[in-house]
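Note sheet for the following structure.
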Amino acid sequence: KVISNAADSEVFFPRSSHSTQENPNKINIISTGWSSNPNKGTSFYKYLDDHLDFSKYTLTFVGNSPAKFKNIKNIPPLDRKDLANELKSKDIFFFPSRHECCSNALIEGISCGLVAVALDSGGNTELVNECSAGVLFNSEEDLITKIEEASYNIRERGGEIKAPSLDETSNQYIKFFEECIK
């Protein structure tokens, strides 16, 4: 049985329709990271820093940067409320981490209504598919195409996301343990 994590819905929830975006004339992408482990996607950040069309997109990285960037905006780690507000000012959550089980960062982005562009690896695949939360990429070669795909009808796509709730997750655990006891 696989039970996904859930984010605190009092902090991580979709922005209201009257909330402002960082830059309404561009697609605003955000990513978060706390580790410099290469499996967290360092090569993909470097690729986007060199190849993403920054006249069409913004890319913000919040956390402990794995590299120095030329075009990607880097924000130091934030507390959870400030992080949630930063997430809500964006459109896409970029998650290039390899071999994740069930990433809290990805869940927080999805819970804020962001369309995910995630590496097709580990629990990312399940989470993105189960939540109708976005698209998966496999390599640098298809990354830009997948970002463009996620950008198409972004408002409608964001409204279709079904992020797990704490109540649903708790009930799944209760049901699982009840079945184990029987």
Item to complete: Only residues in the stretch 77-101 that are over 17 Å from LEU48 (Cα atoms) count as the first member; pair them with residues that are among the basic types (Lys, Arg), Cβ under 7 angstrom, at least 6 apart or cross-chain, and list the lot.
Response: LYS88/ARG15
Fill in: Evaluation of VAL135 against (1) surrounded by fewer than 20 Cβ atoms within 10 Å (Cβ to Cβ); (2) not in a helix (DSSP H, G or I) (one fails), failing number
(1)
Practice prompt. Could you please tell me which pairs satisfy a Cβ distance under 7 Å, a separation of 6+ or placement on different chains, a first residue in the stretch 51-74 that is over 16 Å from ASP91 (Cα atoms) and part of a strand (DSSP E or B), and a second residue that is at pLDDT below 95 and open to solvent by less than 20 Å² (accessible area, probe 1.4 Å)?
Written response: GLY63/GLY33
Practice prompt. Could you check, for the stretch 79-86, whether at least one of its residues is buried (at least 16 other Cβ atoms within 10 Å of the Cβ), touching a Lys or Arg at 6+ places or on another chain (Cβ under 8 Å) and within 19 Å of SER9 (Cα to Cα)?
Written response: no
Discussion item. For the stretch 36-48, check the following and say yes or no: at least one residue is in a helix (DSSP H, G or I), modelled with pLDDT under 95, under 17 Å from the mean Cα position of the chain (by Cα) and of a type outside the set (Ser, Thr, Tyr).
Written reply: yes
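When you scan the stretch 100-115, how many residues do you find that are part of a loop (DSSP other than H, G, I, E, B) and over 8 Å from the mean Cα position of the chain (by Cα)?
Qualifying residue count, the stretch 100-115: 6.
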Discussion item. Checking LYS162 against (1) modelled with pLDDT under 95; (2) open to solvent by less than 70 Å² (accessible area, probe 1.4 Å); (3) outside any helix (DSSP H, G or I): exactly one of these is not met. Which one?
Written reply: (2)
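Being open to solvent by less than 100 Å² (accessible area, probe 1.4 Å), in contact with a His (Cβ under 9 Å, 6 or more places away or on another chain) and under 21 Å from THR58 (Cβ atoms): is that true of LEU143 here?
Values: open to solvent by less than 100 Å² (accessible area, probe 1.4 Å): yes; in contact with a His (Cβ under 9 Å, 6 or more places away or on another chain): yes; under 21 Å from THR58 (Cβ atoms): yes.
So LEU143 fits the description; yes.
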Discussion item. Among the listed residues THR58, THR42, identify the single one that is under 22 Å from ARG80 (Cα atoms) and of a type outside the set (Phe, Trp, Tyr).
Written reply: THR58
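The values are calculated or read from the model by the stated rules, or taken from the named source; none is laboratory data. Since this is a predicted model, take the numbers as computed values, not measurements. FYI the Cβ positions are ideal-geometry reconstructions off the backbone, even for glycines, and counts take in every protein chain you see. All accessible areas refer to the heavy atoms of the entire protein, side chains included, with ligands and DNA or RNA removed. Shrake-Rupley method; radii C 1.70, N 1.55, O 1.52, S 1.80 Å.
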